[in-house]
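Engineer: What follows is a structure written as structure tokens; I'll ask about it next.
Every number here is computed from the coordinates shown, using simple stated rules; none is lab data. In this text the structure is predicted, and so the values were computed from the model without any measurement. Here the Cβ positions follow ideal geometry from the backbone for every residue, glycine too, while neighbour counts run over all protein chains shown.
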Amino acid sequence: MEKNELGFATRAIHVGQEPDPSTGAVVVPIFATSTYVQEEIGKHKGYEYSRVSNPTRTCLEKNLASLEGGRTSHVFASGMAAINAMCTLLKSGDHVVCTNNLYGGVPRLFNQILTNYGLEFTYVDTSDLHAVERAIRRNTRIVYVETPTNPLMTLSDLKAISQIAHRRGPELVVDNTFMSPYFQKPIALGADMVIHSTTKFLNGHSDGLGGVVVCTRPEQAEKFAFIQKSAGAILSPFECWLVLRGVKTLAVRMEKHDANGRTVAAFLSRHKKVKKVFYPGLPDHPQYELAERQMSGFGSMITIETGSLKNAQRMLRKLRVCFLGESLGGVETLISHPATMTHAALGEKGRRAIGITDGMVRISVGIEDAEDIIRDLDQALAAI
Ligand SMILES: Cc1ncc(COP(=O)(O)O)c(C=O)c1O
């Protein structure tokens with residue numbers, strides 16, 4: 001059977017994860033080597049130096065390209081390293097249109113580092129297609145979208161944006177971290193590149209950082225292989241192995257994340273202490289219809305409005321089963337406070353401009369028993 005005819009869960013386990021030909025080991029080995037012996041000058045087995053390529057990394061890159069439906073993928077030391085690598089495709093004078101509600105570390109990179117190199121960034125509400133169209137200029141090279149956004153869970157219509165971008169010139173790059181390729185396939189909707197922080201759902205166990213860029217065209221693949229070799233922010237063989245192990249259970253984990261996400265969101269939407277719930281799987285989400293059309297599940301990212309910083313503090317202090325911490329997408333329920341954590345770098349004015357309040361609390365619902373998560377949230381909310 002051709003590999004591309006296999007279902008998602010089968011590809012997650014088998015693509016790039018063939019038994020080791022030299023030993024028969026069922027699990028891809030960690031090739032902890034910096035270099036490779038050569039038989040004579042220019043004669044080797046395809047590997048010369050581990051910054052350029054490493055067999056464990058090759059296996060992961062094949063696997064992630066298959067899961068996203070791309071041509072190749074290239075892994076980096078973190079999600080931010082992957083985003084930074086993608087931006088090195090740009091030249092001074094180029095312009096990028098981006099979602100105005102990105103993970104806070106991304107505008108920090110764009111505004112505080114990359115603008116020093118002559119790049120320009122315009123932030124718009126990419127759920128508004130007219131705003132995207134209006135923001136594109138003659139020198140716009142990339143439209144950069146996160147959907148759903150963090151922490152407001154606003155969706156952008158990827159198919160419509162790819163049509164606008166391709167008619168006007170730029171490429172569409174989508175950060176698919178929140179949904180994982182299990183629930184959302186941006187390339188099938190027209191994206192030119194897909195980015196992930198593999199730190200999140202792809203790894204799934206909160207035990208390693210990583211990032212990936214998935215490409216759709218051979219010339220992009222060549223450029224990213226060159227960037228890995230030249231700039232060197234590659235993912236280590238051990239962390240590649242952790243992601244390879246993580247993706248084997250991606251399908252079952254995402255099903256459970258989604259089931260728990262729906263149950264917890266329904267509970268929170270009925271709770272008296274919760275002023276508002278942001279979750280694309282609730283029928284009163286303003287883009288529920290787009291969520292159903294664009295995603296095959298709603299995932300497990302939920303944001304709630306507690307009303308004030310004091311209320312958020314009161315609640316977060318009381319958590320027992322759920323952990324207070326940055327990050328998301330692990331098997332454990334992780335709760336964060338966007339205003340002081342992921343979006344602190346935006347400053348109060350920046351946060352206010354896009355609607356992030358001090359009372360917001362973001363929940364990455366894990367795969368524990370839903371009843372235990374709910375009981376923990378209920379007793380914590382009682383402190384408000
Ligand atoms: C949506 C999104 N993209 C990118 C990143 C950056 O990834 P990393 O922390 O692996 O550098 C994050 C981190 O939280 C994220 O949430």
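Engineer: How would Tyr288, Tyr182 line up from fewest to most surrounding beta-carbon atoms within 10 angstrom?
Structural biologist: So the ranking, lowest neighbour count to highest, is Tyr288, Tyr182.
Engineer: Relative contact order, percent, of the chain when contacts are C-alpha pairs under 8 Å separated by at least 6 residues?
Structural biologist: The value is 17 percent.
Engineer: Ok, one more. Roughly speaking, what % of Cα-Cα pairs in the chain are separated by over 35 Å, rounded to a whole number?
Structural biologist: Above the 35 Å cut-off, the chain has 25 percent of its Cα pairs.
Engineer: For the range 323-333, what does the Karplus curve 6.51 cos²θ - 1.76 cosθ + 1.60, with θ = phi - 60°, yield as ³J(HN,Hα) per residue in whole Hz, taken in order and with x for Gly and Pro?
Structural biologist: So the Karplus estimates, Gly and Pro as x, are 9, 8, x, 6, 5, 6, x, x, 5, 8, 6 Hz.
Engineer: List the relative contact order of the range 251-381 as a percent without decimals, with contacts defined as Cα pairs under 8 Å and 6+ residues apart.
Structural biologist: Relative contact order comes out at 30 percent.
Engineer: Would you work out the charge dipole size for the chain about its Cα centre, treating the Cβ of every Lys and Arg as +1 and the Cβ of every Asp and Glu as -1, and quote it to the nearest 20 debye?
Structural biologist: 820
Engineer: Taking the alpha-carbon distance from Lys273 and a cut-off under 17 Å, which lysines remain once sequence neighbours fewer than 8 residues away in the same chain are dropped?
Structural biologist: The qualifying lysines are Lys310, Lys318.
Engineer: Taking 0.36 nm per residue of sequence separation and subtracting the Cα-Cα distance, how much length would be gained by fully extending the chain between Arg317 and Arg375, in nm to one decimal?
Structural biologist: Extending this stretch completely gives an extra 19.4 nm.
Engineer: Let me ask something additional. Within 10 Å of each residue's Cβ, count the other Cβ atoms and sort Thr115, Thr249, Thr154 from fewest upward.
Structural biologist: Fewest-to-most ranking of Thr115, Thr249, Thr154: Thr115, Thr249, Thr154.
Engineer: Pairs of Cα atoms under 8 Å, at least six residues apart: use those to get the relative contact order of the range 183-281, whole percent.
Structural biologist: Over the range 183-281, the number comes to 23 percent.
Engineer: On a straight-distance basis, which lysines could pair with Lys200 in a cross-link, Cα separation under 21 angstrom, same-chain partners fewer than 8 positions away excluded?
Structural biologist: Partners found: Lys62, Lys185, Lys248, Lys256.
Engineer: Moving on. Between Gly347, Gly329, Gly261, which gets the highest mean-square fluctuation from a Gaussian network model of the chain, Cα cutoff 10 Å?
Structural biologist: Looking only at Gly347, Gly329, Gly261, the largest GNM fluctuation is found for Gly347.
Engineer: By count of other Cβ within 10 Å, fewest leading, how are Met80, Met153 ordered?
Structural biologist: Final ranking by Cβ density, sparse to dense: Met80, Met153.
Engineer: Return the single residue from Lys349, Lys200, Lys43 with maximal mean-square fluctuation; model: Gaussian network over the chain, springs between Cα atoms under 10 Å.
Structural biologist: Lys43
Engineer: Here's a follow-up. Working out 0.36 nm times the residue gap between Glu2 and Ala32, then minus their Cα-Cα distance, what length gain in nm do you get to one decimal?
Structural biologist: 7.7 nm
Engineer: Treating only the Cβ of Lys, Arg, Asp and Glu as charged (+1, +1, -1, -1), what charge dipole size does the range 251-381 show about its Cα centre? Round to the nearest 20 debye.
Structural biologist: Magnitude of the dipole: close to 620 debye.
Engineer: So what's the net charge close to Gln228: Lys and Arg +1, Asp and Glu -1, counting the other residues with Cβ under 14 Å from its Cβ?
Structural biologist: Around Gln228, the charge tally is +1.
Engineer: Roughly what angle does helix 237-247 make with the longest principal axis of the chain, taking Cα atoms, 0 to 90 degrees, to the nearest 10?
Structural biologist: Approximately 60 degrees, to the nearest 10.
Engineer: Report the residue, chosen from Thr23, Thr126, Thr306, that carries the largest GNM mean-square fluctuation when the chain is represented by alpha-carbon nodes joined by springs under 10 Å.
Structural biologist: Thr23
Engineer: Points 7 angstrom from Cα along the Cβ direction at Val252 and Arg168: gap in nanometres?
Structural biologist: 4.5
Engineer: Take each of the peptides 290-297, 15-22, average the number of other beta-carbon atoms within 10 Å over its residues, and list them starting from the highest.
Structural biologist: With the highest mean Cβ count within 10 Å placed first, the list reads 290-297, 15-22.
Engineer: Additional query: Calculate for the chain the 222 nm mean residue ellipticity that helices alone would give, adding -39,500 (n - 2.57) per DSSP H run of length 4 or more and normalising by residue count, nearest 500 deg cm²/dmol.
Structural biologist: So the helix-based figure for the chain works out to -11000 deg cm²/dmol.
Engineer: If you line up the long axis of helix 158-168 against the longest principal axis of the chain, both from Cα atoms, how many degrees apart are they, to the nearest 10?
Structural biologist: 60
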